[in-house]
There are 2 protein chains.
Amino acid sequence: MTNAQFDREQVLRAAMKAFMYKGYGKTSMQDLKKVTGLHPGSIYCAFDNKRGLLIAALEQYRLDRSGEFQAFFPSSQPVMISLKNYLNDIVQGCLNCDAPQACLLTKALSEISEQDEEIQQIIAHNLQAWQQALAEKLEQAKIQHELTTTRDSDHLARFFVMGIYGLRTFAHTYPKTDVLQQLADQLYSDICA
Amino acid sequence: MTNAQFDREQVLRAAMKAFMYKGYGKTSMQDLKKVTGLHPGSIYCAFDNKRGLLIAALEQYRLDRSGEFQAFFPSSQPVMISLKNYLNDIVQGCLNCDAPQACLLTKALSEISEQDEEIQQIIAHNLQAWQQALAEKLEQAKIQHELTTTRDSDHLARFFVMGIYGLRTFAHTYPKTDVLQQLADQLYSDICA
DNA sequence: TATTCATTTGAATGATCATTCAAGCTTTAT
DNA sequence: ATAAAGCTTGAATGATCATTCAAATGAATA
């Protein structure tokens, strides 16, 4: 019943990419067959159905992004420097049209939120975990006196993620480096103030 | 060939609502038949096809929102008061689950952007027109000395719309009045600063 | 080598979709 | 009242979709 003949991570990353590019609804099983190299039967055996594949891909996305996030914050470096690098990386990601232009989480959230409560919960939970991780970094920055503000770390983190959601949407309408960078810089300095 | 036997605006608003709720892809012609009260043949006669109906609905949405926007800024009232009211109204809109939770423009942008260049252009154009209208209001506020900042009105307007995009996405993950209001207030005061 | 068992495979299935169109109906003009 | 024209109607069409399953294949054991 279960199997692991194929590279699960590679399959999930291929599915992720397809879902990000076309959206969940418009990604057909034929598309998924093509990009994963798996035949329909194998996909159904491993993930139950298309929805199961999305759920597994969301989990892989969470793992990948979580690792990526932590890698941006080495203990050897001031937190706020890392945060700026992280933000700049997101700006670059918005401009790189070939790769995942949008975040899988926000893309899927926008598409599915009204239709599938369970998936909405998964996505909301992942986004909140990301926000919480950011809040922890900001709290650490406050403790290390890199960041001096009376505002609550949770409050700051919420505003920061809101800004990034907005930045990604904005990039869809106007993908120019300088404007996006300016917006990101403004967001960063509003956090510091 | 052409006809106007039915109430075009009413039909387009019904279609808008359906597209906002289910998304373009998942809204079937049967759904559209149900909500518009029009038979498939009539829809094809009036709008060519489903895509044509979307384009017409986007135009109606632009008209509706444009009127709504201007109504928020009566000349009898300070611009910045109107802006705050407008922002608060958006916060309420994010919480009103029954009605268009999301903006049709951003919802369609997220779903269609990679697939249909022409529709992407229409949406991007509409969003930029909205941003431009905001920039004009901010410029007016500066002239009337309601707003004292060295920052460019275009820059401010971009940051503002970015914030609203982000607010709407945030609301999908965490639709609590107080948190959204706090984020909106923060956005407003960051514009003023 | 022969046999058994699990996996892979892709064609078949049934549902749903956007779109079309010919028949029926209403309206308008004479 | 009659005829012509256009509009409404919803069943039919052909394509595409997610999903299934029986046959083919390969691996493992004896």
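Quick look at the values:
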item	result
Interface A:B - total buried accessible surface [probe 1.4 Å, Å², rounded to 100]	3700
Rounded to the nearest 20 debye, dipole of the range B:1-58 from Cβ charges on Lys, Arg, Asp, Glu	240
Length gained when the stretch A:Glu117-A:Ile81 is fully extended (0.36 nm per residue, less Cα-Cα span)	9.2 nm
The range B:101-193, relative contact order in percent, only Cα pairs under 8 angstrom and at least six apart counted	24
Accessible-area composition of the range A:1-59, carbon plus sulfur, in percent [1.4 Å probe]	51
For the protein assembly as shown: rounded, prolate or oblate by the Cα gyration tensor [a/c cutoff 1.5]	oblate
Tensor-based shape of the range B:150-193 (alpha-carbon gyration tensor, a/c under 1.5 rounded, otherwise prolate or oblate)	oblate
For the range B:164-178, 3J(HN,Hα) per residue [Karplus equation, 6.51 cos²θ - 1.76 cosθ + 1.60, θ = phi - 60°, Hz, x = Gly/Pro]	5, 3, x, 4, 5, 5, 4, 4, 5, 8, 7, x, 10, 3, 4
For the range B:72-192, size of Cβ-based charge dipole, Lys and Arg +1, Asp and Glu -1, in debye	380
Positive-end residue of A:Phe170, A:Ala193, A:Leu147, charge dipole of chain A with Cβ unit charges	A:Phe170
Local electrostatic count at A:Gln30 - Lys and Arg +1, Asp and Glu -1, tallied over other residues with Cβ under 15 Å	+4
The range A:87-164 versus the range B:119-193: alpha-carbon centroid distance in Å	19
Unit charges at the beta carbon, dipole of the protein assembly as shown: most positive-side option, B:Pro78, B:Met20, A:Gln92	B:Met20
Sequence ranges A:82-90, A:183-191, A:108-116, A:165-173, ranked by mean other-Cβ count within 10 angstrom, highest first	A:165-173, A:108-116, A:183-191, A:82-90
10 Å Cβ neighbours from other chains, averaged over peptide A:154-162	5
Over 24 Å (Cα to Cα) - which of B:Lys107/B:Lys176; B:Lys22/B:Lys176; B:Lys84/B:Lys176; A:Lys142/B:Lys142; A:Lys33/B:Lys26; B:Lys17/B:Lys137 fall in this group	A:Lys142/B:Lys142; B:Lys17/B:Lys137
Inter-chain shielding of B:109-119 (mean C-beta neighbours from other protein chains, 10 Å cut-off)	4
The range B:1-58 - percent relative contact order, Cα under 8 Å, separation 6 or more	44
Other-copy label distances relative to B:Gly52, 7 angstrom Cα-Cβ extension, nm	4.3
Estimated dipole of the protein assembly as shown in Debye, rounded to 20 [Cβ of Lys and Arg +1, of Asp and Glu -1, Cα centre]	700
Label point 7 Å beyond Cα along the C-beta direction, distances from B:Ser76 to other copies (nm, shortest first)	6.6
Neighbourhood charge, 12 Å Cβ-Cβ cut-off, centred on A:Ile81 and excluding it, Lys, Arg +1 and Asp, Glu -1	+1
Helix-only CD estimate at 222 nm, as mean residue ellipticity for chain B, using -39500 (n - 2.57) per DSSP H run (n ≥ 4)	-24500 deg cm²/dmol
Gyration tensor verdict on chain A (Cα atoms; rounded if a/c is under 1.5, prolate if a/b is larger than b/c, oblate otherwise)	prolate
1.4 Å probe accessible area per residue over the range A:152-193, in Å²	29
Cut-off 14 Å between beta-carbons: net charge of the residues surrounding A:Ser153, Lys and Arg +1, Asp and Glu -1	-1
Closest approach to the axis - chain B beta-carbon, rotation onto A, Å	B:Gly166, 1
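The values are calculated or read from the model by the stated rules, or taken from the named source; none is laboratory data. Treat the numbers as computed from the prediction; the structure is a model and nothing was measured. Glycine gets a Cβ as well: all are built from the backbone with ideal geometry, and neighbour counts include every protein chain shown. Each accessible area value is taken on the protein alone, full model and side chains, heavy atoms only, with ligands, DNA and RNA left out. Shrake-Rupley method; radii C 1.70, N 1.55, O 1.52, S 1.80 Å.
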